[in-house]
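What follows is one structure encoded as structure tokens, with my remarks underneath.
The values are calculated or read from the model by the stated rules, or taken from the named source; none is laboratory data. Only a predicted model underlies this, so the values are computations on that prediction, with no experimental measurement involved. Using ideal geometry, Cβ is built from the backbone for each residue, glycine included, and neighbour counts are taken over all protein chains shown.
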Amino acid sequence: MHDHLLFRGTVTTGMGEGQYYVNQPGYQEQFREKLGFVPFEGTLNVKIISADLSKIDILRRSEGIAIKGFERNGRTFGEARAYHATLQNLDCAVVLPSRSHYSEIMEVLCKYSLRRTLGLNDGDLVEIRVSLE
């Protein structure tokens, strides 16, 4: 059995930034190469319940998969760490940007639109199983 953490939280609408970042070629190439899929053009934002927030620190301390920062058109894009994960048995990944506006929001990448595929709406409770390997 792999080491993993289970996070519970509610689906929430983000600021729309995930879509912008996910679509950057510098990130897309790395996602395809390191995660094994090109993500759907946006992230699923999950507001982690307070009881599980301390697990994010454990996740940040684990190695994860390094996503390198880069520069494009004079703009700097920061590095991030990605972790293989599953949400309702769908393979996905969790991305923790080095620079982030919030700490209780977990961004989930998947090759499918998780909202559409799983019929998720804001406020729905989900469980994300995140691998530490």
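Could you please tell me which pairs satisfy a Cβ distance under 8 Å, a separation of 6+ or placement on different chains, a first residue in segment 101-124 that is closer than 9 Å to L44 by Cβ and at pLDDT 95 or above, and a second residue that is hydroxyl-bearing (S, T, Y) and surrounded by fewer than 18 Cβ atoms within 10 Å (Cβ to Cβ)?
C110/T117
For segment 42-78, what are the residues that are over 21 Å from G9 (Cα atoms) and loosely packed, with under 13 Cβ neighbours inside 10 Å?
Of everything in segment 42-78, those that are over 21 Å from G9 (Cα atoms) and loosely packed, with under 13 Cβ neighbours inside 10 Å turn out to be E63, A66, K68, E71, R72, N73, G74, R75, T76.
Return a yes/no flag: does segment 114-127 have any residue that is within 21 Å of L6 (Cβ to Cβ), out of contact with any Asp or Glu (no Cβ under 8 Å at 6 or more places or on another chain), in a loop (DSSP other than H, G, I, E, B) and not hydrophobic (A, V, I, L, M, F, W, C).
Checked segment 114-127: at least one residue is within 21 Å of L6 (Cβ to Cβ), out of contact with any Asp or Glu (no Cβ under 8 Å at 6 or more places or on another chain), in a loop (DSSP other than H, G, I, E, B) and not hydrophobic (A, V, I, L, M, F, W, C).
Working carefully through the options Y27, Y112, Y83, find the one that is surrounded by 14 or more Cβ atoms within 10 Å (Cβ to Cβ), within 12 Å of I128 (Cα to Cα) and not basic (K, R).
Y83
Test of understanding: among E17, E104, which residue is under 15 Å from I128 (Cβ atoms), within 14 Å of the chain's Cα centre (by Cα) and either surrounded by 13 or more Cβ atoms within 10 Å (Cβ to Cβ) or hydroxyl-bearing (S, T, Y) (or both)?
Sole residue among the options that is under 15 Å from I128 (Cβ atoms), within 14 Å of the chain's Cα centre (by Cα) and either surrounded by 13 or more Cβ atoms within 10 Å (Cβ to Cβ) or hydroxyl-bearing (S, T, Y) (or both): E104.
Looking at segment 27-83, which of its residues are of a type in the set (S, T, Y) and part of a helix (DSSP H, G or I)?
Those that are of a type in the set (S, T, Y) and part of a helix (DSSP H, G or I): Y27, S50, S54.
Among the residues of segment 43-62, how many are touching a residue at least 40 places away in the same chain (Cβ under 8 Å) and either among the charged types (D, E, K, R) or under 16 Å from G18 (Cα atoms) (or both)?
Of the residues in that region, 7 qualify.
How many residues are of a type in the set (G, A, S), surrounded by 13 or more Cβ atoms within 10 Å (Cβ to Cβ) and more than 20 Å from Y83 (Cβ to Cβ) when one looks only at segment 115-133?
Count: 0.
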